Amino acid sequence: MQQLIDEDFLRRLANLRFMSQRRQGGRFSGGHVSPRAGMSIEFADYRDYVPGDDLRYVDWNIYGRLDRLLVKTFVQELDVPVYFLVDTSASMRLGQPPKAVYASQLALALGYLALRNLDRVGLFPFAERLAESVPPRHGMAQFSRFLRALSGIDPQGRTSLARSVEDFLSQTRETGIVVLISDFLTSDDLREPLARLSYRGDDIVAIQVLDRDDIAPTLTGPFRFQDIETDEQTLLSVGPGTLETYRTRFADYEAALHRQLESHKAPLFVVTTDRPLERFIHEDLRAGGILR
């Protein structure tokens with residue numbers, strides 16, 4: 001997989017904050033309930049000073065040595081873990097750039113912002129079952145673990161959100177915020193896994209990563225189609241009527257997905273891989289209340 005992310009990109013995200021407070025009325029709102037400067041006696045890390053920070057928590061010794069304003073941060077006893085479930089099935093190989101690359105970059109960016117807020121953040125790649133995970137932890141060293149795990153992913157296999165969620169629930173005990181990043185292009189019934197997450201008390205955020213051709217294919221003529229996840233092949237002559245039928249069924253599928261998520265008060269963000277990731281983060285996720 002190509003280089004996923006660079007420091008300049010992360011630096012341009014530095015003014016954003018991940019809204020990790022539990023949702024109210026279907027939106028993330030209010031202040032941050034995870035660790036903050038000065039909230040407990042357990043020291044966690046440093047972060048850059050931003051206007052409005054309490055000057056009592058500036059480390060003046062570091063300022064004297066490095067001429068840099070850093071704020072001490074402390075861990076609050078009760079915080080909310082943020083879990084990233086990232087689809088690594090074979091269908092994520094498709095797209096320009098591949099959906100898997102876009103999804104991984106997105107998980108890294110959001111994970112970075114959550115870690116800057118001193119949240120505990122975990123990574124759970126999945127396809128037919130949950131793959132090797134990165135258990136939730138505090139600290140920026142966790143970002144390096146994210147990067148290593150996602151850089152080594154080779155998208156393979158079928159998607160089974162139901163089995164993967166079952167594995168996830170067996171590995172984790174705390175309720176938290178579950179960020180699902182997937183193309184959600186599966187014949188599986190998503191109602192059960194969504195219901196199980198909701199029943200446990202997890203807050204769900206769904207981000208659907210699609211290729212433009214997933215939404216509106218333009219190819220015409222006779223083709224042998226192969227399902228990238230099952231290897232099943234179908235001969236089909238594609239014309240304007242076929243494309244119109246596909247677009248109608250795809251729109252119906254998307255509407256059903258929206259309804260299923262809305263029933264659990266879970267926002268759904270849809271993005272295509274040709275949309276610059278930085279714009280999606282700054283515009284769409286901020287407007288949706290995930291970031292501020």
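Points worth noting:
- Of the residues in the range 180-194, at least one is closer than 16 Å to F84 by Cβ and among the aliphatic types (A, V, I, L, M).
- Single residue of the range 151-173 satisfying the filter (in contact with a Lys or Arg (Cβ under 8 Å, 6 or more places away or on another chain) and not β-branched (V, I, T)) that is farthest from G201 (Cα to Cα): P155
For (1) modelled with pLDDT of 95 or more; (2) of a type outside the set (A, V, I, L, M); (3) over 20 Å from L194 (Cβ atoms); (4) surrounded by 10 or more Cβ atoms within 10 Å (Cβ to Cβ), each residue gets a yes or a no:
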position: T230; (1), (2), (3), (4): no, yes, yes, yes
position: S237; (1), (2), (3), (4): no, yes, yes, no
position: T245; (1), (2), (3), (4): no, yes, yes, yes
position: T248; (1), (2), (3), (4): no, yes, yes, yes
position: S263; (1), (2), (3), (4): no, yes, no, yes
position: L268; (1), (2), (3), (4): yes, no, no, yes
position: R275; (1), (2), (3), (4): yes, yes, yes, yes
position: G288; (1), (2), (3), (4): no, yes, no, yes
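- Just one of the listed residues (D79, D54) is more than 20 Å from the chain's Cα centre (by Cα), more than 30 Å from S160 (Cβ to Cβ) and modelled with pLDDT under 90, namely D54.
- Identification of helices (runs of 4 or more DSSP H) wholly contained in the range 142-223 with 2 or more residues that are in contact with a Pro (Cβ under 8 Å, 6 or more places away or on another chain) yields 161-171.
- Looking across the range 82-133, the residues that are basic (K, R), farther than 20 Å from F168 by Cβ and surrounded by fewer than 23 Cβ atoms within 10 Å (Cβ to Cβ) come down to R93, R116.
- A Cβ distance below 6 Å, combined with a sequence gap of six or more or placement on separate chains, defines the contacts here; from the range 46-58, residues that are under 13 Å from R17 (Cβ atoms) reach residues that are buried (at least 16 other Cβ atoms within 10 Å of the Cβ) and polar (S, T, N, Q) in the pairs R47/T73.
- Within the range 109-126, being more than 12 Å from V179 (Cα to Cα) and out of contact with any Pro (no Cβ under 6 Å at 6 or more places or on another chain) holds for A109, Y112, L113, L115, R116, N117, D119, F126.
- Among residues of the range 236-292, those that are part of a loop (DSSP other than H, G, I, E, B) and touching a helix residue (DSSP H, G or I) at 6+ places or on another chain (Cβ under 6 Å), counted: 3
- Of all residues in the range 5-22, those satisfying the criterion of being assigned to a loop (DSSP other than H, G, I, E, B), of a type in the set (A, V, I, L, M, F, W, C) and at pLDDT below 85 are A14, M19.
- Contact annotation: residue pairs with Cβ atoms under 6 Å, 6 or more positions apart or on different chains, pairing a residue in the range 255-274 that is in the same structural domain as I181 (by TED's automatic domain parsing) with a partner that is crowded, with 18+ Cβ neighbours inside 10 Å and polar (S, T, N, Q), are V270/Q208.
- Of the residues R120, R116, R137, the single one that is farther than 18 Å from R212 by Cα, without any contact (Cβ under 8 Å) to a residue 40 or more places away in the chain, assigned by TED's automatic domain parsing to the domain that holds R17 and of a type in the set (K, R) is R137.
The values are calculated or read from the model by the stated rules, or taken from the named source; none is laboratory data. Because the structure is predicted, anything quoted here is derived from the model rather than measured. Cβ coordinates were reconstructed from backbone atoms using ideal geometry, including for glycine residues, and neighbour counts include every protein chain displayed.
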